[in-house]
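Reading through the structure tokens given below for one structure.
Please treat every number below as a calculation from the coordinates, not as lab data. Predicted, not measured: the structure shown is a model, and the values here were computed from it. Reconstructed Cβ throughout: ideal geometry from the backbone, glycine too, with neighbour counts over all protein chains shown.
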Amino acid sequence: RERERESARQAMECAAKGMVDEPCGGGAQRRCGGCGAVAYCCRAHQTIHWSVHQEECSRLAKQMRRIDLPNQFPFTFSVEPLASNHTFPKSRCFFLESVKLHRKGFWKSECICGPEITSIKELSITTEWNIGSSLCPCTEPENPVPKSLSSWEDYYQWRLLPLHSPVAVLLHWPLTLYHCVQLSRVQTSKYDDQDTLCIHYLGPEKELLQLAVFGELCALYPGVRLYIELVGPAVPKSRDGEVINISSYAHCSDESCCCKSSLGPKDLSCSSVTFKLRKGLYHERYSDIVKDSSPHLIIAPNAGVAAYPTWMPTIEIIREVGIPAFFTDFCEEAAHLASTCISSITGQPLRVPIQVLMRKCQLLST
């Protein structure tokens, strides 16, 4: 963590850059004494920038006091340096190499040490965890899901996983979805004598390469059929309209494990997760999508609402139809900016305030 913070300090630019005529001199080593979140190359540039920064300083100070709160994975990405013949510039790649998962299976899309390894255009569904059965949820849980899972520790204890298991790196997708459903208090509906839950999932990217991990929703919602529309520009054009069914857990690497057996649990007690791929922006595809599915819930993970104006017409659609919707973003300040954008469109405050989730992101509700 200290190495990450030092790298962040070195990478910061002067906050007044672009506001002053004279170029910044040297690195931005001078931090704001009030919040510590912004840096400057000199006192003169800090003084100039104060007219802009004074409005946000106290808010950023509160965020900085909570900066370690989202790091509540059961493990840390920070590991000791590897042998001298290994050169990984990013801590996540250090971590993946330390657990022997670097560039393996659906862990490839977590790698950020070089050029893109796996193309989303391929969209091959990998079903292997590449780790032993004691480290991953490859079979039915031994006990029913507790009424509330509020932390990674709760989840790991339920699934009988050791806290050093790396599966949270990938399971944050389905667990965030689960958390949003719990917050929304959406009830499953009866359809053809089966419990069903329909979710519109907006802006998927690398999770398109990790769909097998969503099989864990079968454990979280036993006996429920989940129908998830994956809608976003990253969906390959050649796969638009394709239906993918997940009715088993991703397998472990143990050949003797029952998850590999033909007698293993393949039906998962009538649970299943069905995805339908839709290429394009949600507001552009909405009229087509609702012909097939009316959602109980809309979720947009790591949306970047304030950074992408294309979210505005989508939020307008969501406001008009009145479906519960949740947006997550990569940090608390991004979530604050997103909430401002959303409230300006809806004309009302968020029903669920910004909060820190089990994964490293923030939650917004509209």
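Some notes on this structure:
- Were the residues from R65 through D240 laid out at 0.36 nm apart, the gain over their Cα-Cα distance would be 58.6 nm.
- Computed FRET value (nearest 0.05) for R92 with E142, which takes r as the C-beta separation and R₀ as 30 Å: 0.45
- Per-peptide average of other Cβ atoms within 10 Å, ordering 278-290, 48-60, 127-139 highest first: 127-139, 278-290, 48-60
- Over 27 Å between alpha carbons, listed pairs K237/K291; K62/K104; K147/K276; K62/K100; K17/K206; K108/K276: K62/K104; K147/K276; K62/K100; K17/K206
- Estimated inter-spin distance, F330 and M19, nm [label 7 Å along Cα→Cβ]: 2.3 nm
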